[in-house]
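Q: One structure, pasted below without further comment.
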Amino acid sequence: MPGLNVRFTEDELEALRERAEAESTSMQVIAHDAVVRAISERARLFEAAATHVLQASDELNQRLA
């Protein structure tokens with residue numbers, strides 16, 4: 001599986017370390033899951049915005065027809 005190097009400040013790395021320890025998992029799993037959630041959220045927001053624009057456009061087109 002391809003990898004990615006990510007740089008953190010000392011404080012960020014410590015927070016990541018503490019979170020991983022609190023969840024009894026690895027820092028890699030925490031970081032991976034955060035990235036996957038961010039990607040999914042962006043896709044969800046895009047889809048919601050696109051749906052809104054399409055509905056508004058359809059309503060406007062119906063009024064103009």
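The values are calculated or read from the model by the stated rules, or taken from the named source; none is laboratory data. Note that the coordinates shown come from a computational prediction; the quantities given were computed from them, not determined experimentally. Quick reminder, even Gly has a Cβ in these numbers, built from the backbone with ideal geometry, and neighbours come from all protein chains shown.
Q: Looking only at the stretch 1-53, which residues are under 20 Å from the mean Cα position of the chain (by Cα) and of a type in the set (Lys, Arg)?
A: ARG7, ARG19, ARG37, ARG42, ARG44
Q: Let me ask another. Which residue pairs have Cβ atoms under 6 Å apart, sit 6 or more places apart or on different chains, and have a first residue in the stretch 29-46 that is at pLDDT 90 or above and a second that is of a type in the set (Gly, Ala, Ser)?
A: That search, which allows pairs on different chains as well, returns ILE30/ALA20.
Q: Scan the stretch 45-65 residue by residue and report those that are aliphatic (A, V, I, L, M) and surrounded by 10 or more Cβ atoms within 10 Å (Cβ to Cβ).
A: Keep residues of the stretch 45-65 that are aliphatic (A, V, I, L, M), which gives 45, 48-50, 53-54, 56, 60, 64-65.
Residues satisfying the conditions are LEU45, ALA48, ALA49, ALA50, VAL53, LEU54, ALA56, LEU60.
Q: Oh, and also: In the stretch 1-44, how many residues are in a helix (DSSP H, G or I) and loosely packed, with under 11 Cβ neighbours inside 10 Å?
A: To start, the set of residues in the stretch 1-44 that are in a helix (DSSP H, G or I) comprises 10-22, 27-44.
Among the residues that remain, those that are also loosely packed, with under 11 Cβ neighbours inside 10 Å are: 10-11, 22, 36-44.
So the answer is 12.
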